[in-house]
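Shown next, in C-alpha cells, is the structure this report addresses.
The values are calculated or read from the model by the stated rules, or taken from the named source; none is laboratory data. Being a predicted model, the structure only gives us computed values, none of them experimental. Cβ sites come from the backbone with ideal geometry, for glycine too, and all protein chains shown count toward neighbours. When the accessible area is computed, the model is the full protein with side chains, heavy atoms only, and any ligands, DNA or RNA have been set aside. Shrake-Rupley method; radii C 1.70, N 1.55, O 1.52, S 1.80 Å.
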Amino acid sequence: MLVIGLMSGTSYDGIDAAAAELRLAGDTLHLKPLGMVSEPYDPGLRELLAGALPPAAVPLADVCRLDTRIGQAFAAAAARADAELCGRSAELIASHGQTVYHWVDGDRVHGTLQLGQPAWIAEATGLPVVADFRPRDVAAGGQGAPLVSLVDLLWLRGRPGTPVALNIGGIANLTAPDGTAFDTGPGCALVDAAAREFSGGRLAYDADGALAARGRVHGPLLERLSADPYYTRPAPKTTGKELFHPGYLRATAGPESLAGVSAEDVLATLTELTARTIADAVRSVSTTEVVASGGGTRNPALMRALGTALPGIPVRVSDDLGLPSAAKEAYAFAVLGFLTLHGLAGTDPASTGARHPSILGSLTPGRDGLRLPARPEEAPVRLELE
C-alpha cells in the first residue's frame, strides 16, 4: 500500500510529506521509503499560527481560520507528494496536523489539539485520510505522545545492544528498548525563539548553530534554567510550547540573569541546556547507542554538545540506518495511518502511560468512499526497511 505521511512539528515552519510503500508479511511490516517533499507555511499563515500559540489567547474565529488554512496547506503538500513521489497512485493519507495546544496539568494530559481539517486533504486528493491521532491515547489515560515510540520500538527491535531512539524537534523525546518514552524538554524551541528575538525576527533559527558556536555557556543562566521542575518529573511525561514558549527564557531567567549576556552567549547556553537535558534523560535509561533524528540533528553545535555530554555512548543519525532523519516523523505517521486502516493499535502503553493500546485517529472517506482492508491475523512486532 502506498501511504503518504504528513507532519508539521512544534517548530511550525512547514509541512513534511513522506511517501512510503508499506507491506505486512506475517509479523513484519516492510517499509520502502519513496522520498519526501517539504512545503513551508506561507508567511501570513505562519504569523497567524505564531500569534495563536501559547501563552496567547485567541478568538475562535482565528482557530477556525487556522484549522481551514492549515488543512488547505496540508492538502497541497499531500497532492504534491502524490504526484511527485507516487505517480498519483497513493492509497491513503495520514495527517498529524499542527499541534496548537497540549493540555497538561501536573502528570496528567487532559486533552490535545491538532489543527488542519482533513476534509480539505480528502477533497484535494480524493483519498481517505487518517487524522487526529493523539486524542484516543489521551482518552485512554495516556500522554498522547510520543506516538512515534511504537514505530521506534518496531524498527530498532533486534538491533545489537540497547539502542535509544531520539527525536530533536521543537521538543525532544526519546524511546528506550523497554518502551519507556517521554519528552526530555526543549529540543530547538528555546534556541529558535532566542534566535528570532535577538535578530528582530530576521532569523527563524540558529542556522548551523553558528551563533551558539561564537558564544560561551553562561554558568549562572544555565543553572537557573536547569532548575525547571519538569526535568525531574518521572516518565511518562510530555510537554510543549505551553511551557517552553518564546517568553519562557525571560520569565524563567529573570532580567537580572540576562543583563550583560550577549546574544551569542544566550544561544550557546540554550544549546547546552538542550544537550544536557537530553543527555540526562538518555543516562536515565539503559542504552548502548543513541539513534537521533529531527531538525536538531542539522545543528552541528547541538550535536557536538550532545556528544560531549554523552561520553562513551555513540550518537548517530537515523540516516545511517536507512531512515532519513528529516522525514522520520512523517514516515512514522504513515505507518500509524496504515495500522489504523487495518484495525491495528498504534500505541505502546509503556510509552504513553495509557491503560491499553488503542487504534488511533479518525477516518475521513475519500472520493470513492471508504473500503477497509481485512484485519491481519497478527500485528507486526518488527519494522524492516527496504
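Identify which of the listed values of mean projected area of the Cα convex hull in nm² was calculated from the structure shown: [x] 20.8; [y] 17.8; [z] 33.0.
Read-out taken from this structure: [y].
As a check on your grasp of the helix formula, calculate [θ] at 222 nm for the chain: sum -39500 (n - 2.57) over DSSP H runs of n ≥ 4, divide by the residue count, round to the nearest 500.
-10500 deg cm²/dmol
Given a 1.4 Å probe and the protein chains all in place, what does the accessible area of residue 162 round to, in Å² to the nearest 10?
Rounded to the nearest 10, that gives 40 Å².
Among 186, 236, 43, which one moves the most in a GNM of the chain with springs linking Cα atoms closer than 10 Å?
Per the Cα network of the chain with a 10 Å cutoff, 43 tops the list.
Give the residues of region 120-163 whose amide nitrogen is closer than 14 Å to a point set 7 Å from the Cα of residue 356 in the direction of its Cβ.
In region 120-163, the label zone of residue 356 (backbone N under 14 Å from the point 7 Å along Cα→Cβ) covers 137, 139-142.
So what is the relative contact order for the chain, in percent, with contacts set as C-alpha pairs under 8 Å and at least six apart?
Once divided by the residue count of the chain, the mean separation gives 24 percent.
Over what distance in Å are the Cα centres of region 365-386 and region 1-79 separated?
Cα centres, region 365-386 to region 1-79: 21 Å.
Residue by residue through region 163-180, what is 3J(HN,Hα) from phi via Karplus (6.51 cos²θ - 1.76 cosθ + 1.60, θ = phi - 60°)? Round to whole Hz and write x for glycine and proline.
x, 10, 8, 10, 10, 10, x, x, 10, 9, 9, 9, 10, 9, x, 7, x, 4
Using the Karplus curve 6.51 cos²θ - 1.76 cosθ + 1.60 with θ = phi - 60°, what ³J(HN,Hα) values do you get for each residue of region 306-320, in whole Hz, with x for Gly and Pro?
Computed from phi, the couplings for region 306-320 are 5, x, 5, 6, 10, x, x, 10, x, 10, 10, 8, 5, 4, 4 Hz.
Where is the GNM fluctuation largest for the chain (alpha-carbon springs, 10 angstrom cutoff): 232, 352, 28?
Looking only at 232, 352, 28, the largest GNM fluctuation is found for 232.
What figure, in Å² to the nearest 10, do you get for the accessible area of residue 1 with a 1.4 Å probe and non-protein molecules left out?
Surface open to solvent at residue 1 totals about 60 Å².
Rounded to the nearest 20 Debye, what is the dipole magnitude of region 5-118 about its Cα centre when Lys and Arg each give +1 and Asp and Glu each give -1 at the C-beta?
That gives a dipole near 140 debye.
Which far-off residues, 5 or more places away or on another chain, put their amide H under 5 Å from the one on residue 15, with H placed in the peptide plane?
Long-range HN contacts for residue 15: 39, 41.
Running a GNM on the chain with Cα contacts under 10 Å, which residue among 355, 276, 371 ends up with the highest mean-square fluctuation?
Taking springs between Cα atoms under 10 Å, the residue moving most is 371.
Give me the one-decimal nm value for the distance between modelled label points at residue 21 and residue 162, 7 Å along each residue's Cα-to-Cβ direction.
Each label point is offset 7 Å from its Cα along the Cβ direction, giving 3.8 nm.
Excluding same-chain residues fewer than 8 positions from residue 328, which aspartates and glutamates have a Cα within less than 12 Å of its Cα?
Correct list for residue 328: 16, 152, 319.
Step by step: find N for region 257-331, compute 2.2 N^0.38 Å, then divide the Cα radius of gyration by it. What's the final number?
Taking N as the residue count of region 257-331, the ratio is 1.24.
Of all accessible surface on the chain at a 1.4 Å probe, what whole percent is carbon and sulfur?
After summing per-atom areas, the C and S share lands at 52 percent.
Evaluate the charge dipole of region 201-360 about its Cα centre and quote only its size in Debye, nearest 20, assuming +1 on the Cβ of each Lys and Arg and -1 on the Cβ of each Asp and Glu.
Approximately 140 debye in magnitude.
Under a Cβ-only charge scheme (Lys and Arg +1, Asp and Glu -1), can you give me the dipole magnitude of region 1-64 about the Cα centre, in debye to the nearest 20?
200 debye
Just the number please: accessible area per residue for region 92-207, 1.4 Å probe, all protein chains included, in Å².
33 Å²
Between the alpha-carbon centers of region 206-248 and region 158-199, tell me the distance in whole angstrom.
Computed from Cα coordinates, the inter-centre distance equals 12 Å.
Place the peptides 75-82, 98-105, 113-120, 330-337 in order of packing, highest mean first, counting for every residue the other Cβ atoms within 10 Å and averaging per peptide.
Output ranking for 75-82, 98-105, 113-120, 330-337: 330-337, 75-82, 113-120, 98-105.
If you take every DSSP beta bridge whose two residues both sit in the chain, what share of them, in percent to the nearest 5, is antiparallel?
Of all bridge pairs located within the chain, approximately 65 percent are antiparallel.
For residue 204 and residue 370 in the same chain, what is the full-extension length gain: residue separation times 0.36 nm, less their Cα-Cα distance, in nm?
Additional length available on full extension: 55.7 nm.
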